[in-house]
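The values are calculated or read from the model by the stated rules, or taken from the named source; none is laboratory data. For clarity, every value in this text was computed on a predicted model and none was experimentally measured. Because the Cβ atoms are built from the backbone with ideal geometry, glycine has one as well, and the counts that use them run over all protein chains shown.
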Amino acid sequence: MRKTSWGLMVWYAVALVFLFAPIVTSIVYSFNLGSLGKQTSAFMGWTTQWFGEAWTNNSLRQAMLVSLKASFWSALIAVVLGTSLGIALVRHPSPKVRRLLSIFCIALLVVPETVIGVSLLLFYAETGIRLGLATLVFGISPLAMAVTALIIRAGLLTLDRSLEEAAVDLGATPIQAIRDIVLPHLTPAVVVSALIAYVFSFDNLVISNFLATPVVNTLPVYLFGSLQYGPSPAIYAAASSIFGLTLVLLAIAGLIYRSTFGRRAGFLQ
């Protein structure tokens, strides 16, 4: 038993190193002095100048602006449609419909993003729809919507149905019960799902790479393309900043979700 535990710990440590060593390397090299404005394999010294240069890069700032806009609209769509989908996963009266919606939601998560990107690009080309910010937003929204639906579903499952029944017994209509009981209960889940949907949309590379244009280009696509031409350490600085922003948003979402639903789960027990 002890050998098995040690084996699992070693395997877990190896997996963590494999996943996070490249990220740590990228963060370290974002402080690399480099040579002649280019990144070097050897660490030449410490500097923070590349973070400032990343901010003054017009192309990079434009890509950042596109990512912020696309992520905002994608998160908004994901919250509106994903919340409705999450409620339907639990409360729709037909078990068959609930199963179909569950399959649809899971399919959005397991279908490779490359397939989605190619399909959307082919669809837009065949229908004559010009690529732009709107097509990009609709392309990256389904994944965020599926994640939102699962979070809302988990939040709704922690709600005691007797509270709604008591509200109805006291004279509330079904709509009033949803407004006064269900929605306040789901507010933390909606906030968490909005943050996670924003992060998922902002970090999306595969689908965005298929739907990007010279004018509408996201920051992950810009960074990926820059790596092919002898990147400046400013690219690493921008990537490190994105990683830090992602960690902050995910930490906030995790704290909100844990503090709210963990407390309620303990109360119900």
Given the conditions (1) under 30 Å from Ser71 (Cβ atoms); (2) in a helix (DSSP H, G or I); (3) touching a Leu at 6+ places or on another chain (Cβ under 9 Å), every one holds for Ile181 apart from (1)
Got a number for residues in the stretch 127-137 being assigned to a helix (DSSP H, G or I) and without any contact (Cβ under 8 Å) to a residue 12 or more places away in the chain?
2
Among residues of the stretch 77-96, those that are within 23 Å of Ala189 (Cα to Cα), in a helix (DSSP H, G or I) and without any contact (Cβ under 8 Å) to a residue 40 or more places away in the chain, counted
3
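Take Leu150 and tell me if it is among the aliphatic types (A, V, I, L, M) and within 20 Å of Tyr222 (Cα to Cα).
So Leu150 does not fit the description; no.
It is to be established whether one or more residues within the stretch 212-219 are part of a helix (DSSP H, G or I), in contact with a helix residue (DSSP H, G or I) (Cβ under 8 Å, 6 or more places away or on another chain), of a type in the set (A, V, I, L, M, F, W, C) and within 30 Å of Asn57 (Cβ to Cβ).
Going through the stretch 212-219, the residues part of a helix (DSSP H, G or I) turn out to be 219.
From the residues that got through so far, the ones that are in contact with a helix residue (DSSP H, G or I) (Cβ under 8 Å, 6 or more places away or on another chain) too are 219.
Okay, now just the ones that are also of a type in the set (A, V, I, L, M, F, W, C), so 219.
Applying the additional criterion that residues be within 30 Å of Asn57 (Cβ to Cβ) yields 219.
Yes, the stretch 212-219 has at least one match.
Filtering the stretch 163-206 down to residues that are β-branched (Val, Ile, Thr) and more than 27 Å from Ile256 (Cβ to Cβ), which residue is surrounded by the most Cβ atoms within 10 Å (Cβ to Cβ)?
Let us first name the residues in the stretch 163-206 that are β-branched (Val, Ile, Thr), namely 168, 173, 175, 178, 181-182, 187, 190-192, 196, 199, 206.
Then keep just the ones that are more than 27 Å from Ile256 (Cβ to Cβ); that gives 168, 173, 206.
Values: Val168: 14, Thr173: 10, Val206: 17.
The selected residue is Val206.
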Quick one: would you say Ser141 is in a helix (DSSP H, G or I) and touching a Ser or Thr at 6+ places or on another chain (Cβ under 8 Å)?
yes
What's the total number of residues in the stretch 106-126 that are part of a loop (DSSP other than H, G, I, E, B) and loosely packed, with under 11 Cβ neighbours inside 10 Å?
1
Tell me whether the stretch 158-175 contains one or more residues that are assigned to a helix (DSSP H, G or I), within 20 Å of Ala88 (Cβ to Cβ) and either small (Gly, Ala, Ser) or touching a Leu at 6+ places or on another chain (Cβ under 7 Å) (or both).
no
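Could you pull out the residue among Leu150, Leu109, Leu120 that is more than 16 Å from Val190 (Cα to Cα) and touching a residue at least 60 places away in the same chain (Cβ under 8 Å)?
Of the residues listed, the single one that is more than 16 Å from Val190 (Cα to Cα) and touching a residue at least 60 places away in the same chain (Cβ under 8 Å) is Leu120.
Can you find a residue in the stretch 28-47 that is of a type in the set (A, V, I, L, M), at pLDDT 80 or above, under 30 Å from Val191 (Cα atoms) and assigned to a helix (DSSP H, G or I)? Outline the logic, then answer.
From the stretch 28-47, those of a type in the set (A, V, I, L, M) are 28, 33, 36, 42, 44; that's our starting set.
Subsequent filtering for residues that are at pLDDT 80 or above retains 28.
Still in the running and under 30 Å from Val191 (Cα atoms): none.
No, the stretch 28-47 contains no residue that is of a type in the set (A, V, I, L, M), at pLDDT 80 or above, under 30 Å from Val191 (Cα atoms) and assigned to a helix (DSSP H, G or I).
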